[in-house]
Amino acid sequence: MRVDIVSIFPEYFAPLDLSLIGKARANGLLRLAVHDLRTWTHDVHRTVDDTPYGGGPGMVMRPEPWGEALDALAPDELSPDGHTLPRLLVPSPAGVPFTQAMAHELAAESHLLFACGRYEGIDQRVLEHAATRMPVTEVSLGDYVLFGGEVAVLVVLEAVTRLLPGVLGNAGSLDEESHAHGLLEAPLYTKPATWRGLDVPEVLRSGDHGRIARWRRDEALRRTADRRPDMVGALSPESLDSRDRAALDQGGFPSPPEHVAK
Ligand code: JAH
């Protein structure tokens with residue numbers, strides 16, 4: 001997979017030299033390049049922002065440097081090295097939610113291009129123009145506001161690269177208990193069996209794989225009901241047996257409200 005990142009703070013991406021992402025780059029599984037947006041400015045101050053039309057606080061990223069950056073990294077003629085058209089991803093609190101399903105979708109792409117906004121964001125015409133040339137997705141990691149898109153790109157890249165074939169060795173399990181199966185993961189324990197007076201649940205040391213699986217599912221259901229009622233609502237009723245329903249009840253998940261006559 002090829003990845004290009006454009007930012008006014010390329011230094012934010014130093015962690016991509018580390019750990020499993022660094023290894024994927026060294027192995028050639030990931031071809032990643034970080035670009036300074038100011039490369040595509042021409043004034044002496046290398047200006048990337050200006051005041052918002054319509055008024056309001058803060059500054060907006062000017063379209064011209066972004067236009068040149070995207071022209072350079074996503075040329076409309078296929079370049080001699082034959083690279084494919086990238087998919088443009090723009091982190092924004094106004095984007096569509098980033099999910100494990102989207103991580104899988106992105107892991108199947110051959111080329112991702114990330115545009116990191118700063119200030120209040122990027123002039124919308126940049127995205128509008130880019131969308132005439134390539135798929136464009138504004139993506140949100142959650143309902144909060146950051147200083148810019150850089151940290152969000154680190155998160156998306158970590159979620160995507162761990163799904164690339166060969167990035168996790170055989171030892172690494174592509175375990176996505178949380179979010180792949182629509183439930184939060186059950187709690188985890190390791191040795192010692194007793195620590196500061198706290199015991200690992202007996203069932204996990206029983207060697208009874210049937211009981212262990214049932215216990216983990218009960219815990220997953222209870223946790224999900226407690227912490228993520230939105231996810232319980234999304235479970236298909238056919239996927240739940242009566243034991244599952246009992247676990248959900250224990251988690252205090254409210255039964256559907258009764259019909260109230262007017
Ligand atoms: C803030 C550009 N959903 C997380 C998220 C993603 C991006 C931004 N904020 C939050 C952001 C300012 C400028 C992007």
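The values are calculated or read from the model by the stated rules, or taken from the named source; none is laboratory data. Note that the structure is predicted; figures quoted are calculated from it, not measured. Cβ coordinates were reconstructed from backbone atoms using ideal geometry, including for glycine residues, and neighbour counts include every protein chain displayed. Please note that ligands, DNA and RNA were not included when accessible areas were found on the heavy atoms of the full protein model with its side chains. Shrake-Rupley method; radii C 1.70, N 1.55, O 1.52, S 1.80 Å.
Values for this structure:
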{"quantity": "Protein-only accessible surface order, largest first, of Tyr12, Tyr144 at 1.4 Å", "calculated": "Tyr144, Tyr12"}
{"quantity": "Fluctuation leader among Gly58, Gly210, Gly22 - the chain, Gaussian network, Cα springs under 10 angstrom", "calculated": "Gly210"}
{"quantity": "Per residue value of the accessible surface for the range 2-171 (all protein chains in place, 1.4 Å probe), Å²", "calculated": "53"}
{"quantity": "Gain on full stretching of the segment that runs from Glu238 to Ile212 - 0.36 nm per residue minus C-alpha separation", "calculated": "7.1 nm"}
{"quantity": "On Cα atoms only, tilt of 150-161 relative to the major axis of the chain in degrees", "calculated": "60"}
{"quantity": "Crossing angle, helix 209-227 versus the chain [Cα axis fit, 0-90 degrees, rounded to tens]", "calculated": "60"}
{"quantity": "Net charge of Cβ neighbours under 14 Å - reference Ala152; Lys, Arg +1; Asp, Glu -1", "calculated": "-3"}
{"quantity": "About the Cα centre, charge dipole magnitude for the range 181-251 (Lys/Arg +1, Asp/Glu -1 at Cβ), debye", "calculated": "260"}
{"quantity": "Gaussian network model of the chain, springs between alpha carbon atoms under 10 Å - residue of Arg196, Arg25, Arg118 with greatest fluctuation", "calculated": "Arg196"}
{"quantity": "Inter-centroid distance (Cα atoms) of the range 1-54 relative to the range 195-232, Å", "calculated": "42"}
{"quantity": "Kirkwood hydrodynamic radius of the chain, Cα pairs, Å", "calculated": "21.8"}
{"quantity": "Over the range 67-211 - Rg/Rh using Cα atoms and the Kirkwood inverse-distance radius", "calculated": "1.13"}
{"quantity": "Candidates Arg125, Arg87, Arg243: whichever shows maximal mean-square fluctuation once the chain is modelled as a Gaussian network with Cα springs under 10 Å", "calculated": "Arg243"}
{"quantity": "Pairwise FRET efficiency - Asp76 versus Leu146, Cβ, R0 = 35 Å, nearest 0.05", "calculated": "0.65"}
{"quantity": "Simple Cβ-charge dipole of the chain, Lys/Arg +1 and Asp/Glu -1, about Cα centre, in debye nearest 20", "calculated": "920"}
